[in-house]
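Please treat every number below as a calculation from the coordinates, not as lab data. As the structure is a computational prediction, the values presented were derived from the model and not from experiment. Here the Cβ positions follow ideal geometry from the backbone for every residue, glycine too, while neighbour counts run over all protein chains shown.
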Amino acid sequence: MWRIIKDGDFIPRIDQTDATFVEKKEANWTIDEKSKVLINSKSQLFLSCALSKEEGERVDECDTARKVWGTLQTHHEGTSHVKETRIDIGIRKFKIFEINEGETIDKMYSKFTTIVNEMRYLGKAYSVQDMEDKLVKKSKIISLKASQNSPSIQQANEKSDSEENQEHVDEEISLSQERYKE
């Protein structure tokens, strides 16, 4: 059935050459050909039954399962240009993915999974290694940020800031003393 949806209806024919053919009259169909033609209708019915009323109205004018599938695919995935644009956007989202301040690990992982699933839906699947590398890199950044916010790090930063300020003041005093001597 999927072959009919993807490739188009089965049409009983008399092959004349590889490039040309003549359709057989229904009276000349074999039992096998009749059952294959029946799959054409079953495929279209199968798709129609799976659709909501709104989706069904969208494909009412389609006369083959292949046309139904093509219409649905274009509507939901867009044209190839739209699909390429969505993939580019998804790649950018993956590359710049980061955890927001105050965001939980669960929330961050949920966002990450959504990006990866969108890309898989569009046909761009990341390897497990790529995903692990991205998450490990982000977790290191999270750890670094968390450690910088610890009291001991903040005190060390404050001390180094005050030492830099003291050095700056000492330099200014030295310069002013030299100017005064001249």
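Observations, loosely collected:
- Residues M1, M119, ranked from the fewest to the most other C-beta atoms within 10 Å, line up as M1, M119.
- Exposure proxy ranking, count of Cβ atoms within 10 Å, fewest first, for W2, W69: W2, W69
- Distance from the stretch 96-134 to the stretch 1-68 (C-alpha centre basis), Å: 40
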